[in-house]
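Each remark here refers to the structure printed beneath this line.
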Amino acid sequence: MKDNSLLVEFEFVVDLDLAMLKFIRDNYGDSDMVNKRLINLKSSYAARRIMLNRKHINPLELLLPGQDSTQLYFDLINDKKNLYNLLMYAVAYDTFGLMVTYLKHASSVELEILCRNEVEEAFIKYLNPEMPTIVRASRFDINLSKYTALYLKYFAYATNYVGLDGKNLYIAAAKFNMEEDSDNTNIELTHIYSQTNVIHLMDLDRVAKFRFTEEHTEDDAKGNEENGS
């Protein structure tokens with residue numbers, strides 16, 4: 001076992017938020033239920049900023065406002081055919097490049113990308129055939145004893161692991177991991193997991209970042225469309 005053994009969740013390195021935006025735009029863009037302003041943004045930077053500043057895990061709440069999108073969300077990420085179609089729109093976060101750097105140059109580090117099925121695994125191999133992967137349908141099935149660090153996009157999913165102690169937890173810097181009325185990490189989860197782990201916040205993207213102590217609106221993000229698409 002090397003000094004640092006990392007377990008990295010698929011969604012920490014693959015942007016399914018932007019993929020869902022593009023999927024909804026192409027498949028449901030004519031519907032009156034869709035947030036036209038959001039799906040028609042010309043800048044992926046603006047869209048990513050908005051997604052990072054949403055309050056809840058499900059990005060479809062922004063794309064289909066006022067609708068119960070829970071079932072559609074789970075259908076997209078859990079049904080393998082739907083997931084395959086969704087990944088046609090997906091790109092890697094900058095965190096994937098960081099993992100590639102670790103893989104190539106950090107001799108004291110070993111890592112695995114946690115995939116929930118072979119569709120996710122195939123996408124990781126498409127991005128980099130050399131990237132080590134591990135496939136588990138449930139986080140409950142993971143033996144964490146070999147890992148020194150865990151990388152999670154969603155802090156709430158920490159509760160799905162058994163024996164999460166003595167780790168470095170890297171959590172995406174995003175509003176959905178914060179208290180709703182402040183830029184503090186989820187107080188209840190932080191209280192539980194900071195007792196025996198060290199919690200870090202980490203940006204998923206080098207350009208489109210969650211900015212603390214600042215109000216974020218679609219107007220704010222749309223004003224940055226000149227940053228490119």
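The values are calculated or read from the model by the stated rules, or taken from the named source; none is laboratory data. None of the values given here were measured: they were computed from a predicted structure. Quick reminder, even Gly has a Cβ in these numbers, built from the backbone with ideal geometry, and neighbours come from all protein chains shown.
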Item checked: Output for segment 157-172, where each listed residue is at pLDDT 95 or above and either over 18 Å from Phe10 (Cα atoms) or of a type in the set (A, V, I, L, M, F, W, C) (or both) -> Ala158, Val162, Leu164, Asp165, Gly166, Lys167, Leu169, Ile171, Ala172
Note to self: Return the residues of segment 120-141 that are aliphatic (A, V, I, L, M) and within 13 Å of Val14 (Cα to Cα); say none if nothing qualifies.
What the structure shows: Ala122, Ile124, Leu127
Notebook entry, point to check: Which of the residues that make up segment 89-118 are among the β-branched types (Val, Ile, Thr) and surrounded by fewer than 19 Cβ atoms within 10 Å (Cβ to Cβ)?
Noted result: Val91, Val100, Thr101, Val109
Next item on the list: For Asp30, work out the one condition from (1) at pLDDT below 95; (2) over 22 Å from Asp205 (Cα atoms); (3) crowded, with 18+ Cβ neighbours inside 10 Å it doesn't fulfil.
Entry: (3)
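Residue-by-condition table, conditions (1) more than 14 Å from the chain's Cα centre (by Cα); (2) surrounded by 18 or more Cβ atoms within 10 Å (Cβ to Cβ):
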{"site": "Phe10", "(1), (2)": "no, yes"}
{"site": "Lys36", "(1), (2)": "yes, no"}
{"site": "Leu41", "(1), (2)": "yes, yes"}
{"site": "Arg48", "(1), (2)": "no, yes"}
{"site": "Met51", "(1), (2)": "no, yes"}
{"site": "Leu62", "(1), (2)": "yes, yes"}
{"site": "Leu76", "(1), (2)": "yes, yes"}
{"site": "Asp79", "(1), (2)": "yes, no"}
Notebook entry, point to check: What's the number of the condition Gly166 fails, among (1) in a helix (DSSP H, G or I); (2) of a type outside the set (D, E, K, R); (3) surrounded by fewer than 18 Cβ atoms within 10 Å (Cβ to Cβ)?
Noted result: (1)
Check: Which members of segment 184-201 meet the condition of being surrounded by fewer than 16 Cβ atoms within 10 Å (Cβ to Cβ) and closer than 14 Å to Ala173 by Cβ?
Finding: Asn184, His200
Notebook entry, point to check: Name the pairs: first residue in segment 17-32 and farther than 11 Å from Leu72 by Cβ, second residue among the aromatic types (Phe, Trp, Tyr), Cβ to Cβ under 7 Å, at least 6 apart or on different chains?
Noted result: Ala19/Tyr89; Lys22/Tyr89
Next item on the list: Filter segment 141-161 down to residues that are in contact with a helix residue (DSSP H, G or I) (Cβ under 6 Å, 6 or more places away or on another chain) and without any contact (Cβ under 8 Å) to a residue 24 or more places away in the chain and give me whichever is farthest from Val198 (Cα to Cα).
Entry: Asn160
Item checked: Filtered residues of segment 56-72 (kept if of a type in the set (Asp, Glu) and outside any loop (DSSP other than H, G, I, E, B)) -> Glu61
Next item on the list: Could you please let me know if Asp68 is more than 26 Å from Asn186 (Cβ to Cβ) and either in contact with a Pro (Cβ under 8 Å, 6 or more places away or on another chain) or surrounded by fewer than 22 Cβ atoms within 10 Å (Cβ to Cβ) (or both)?
Entry: no
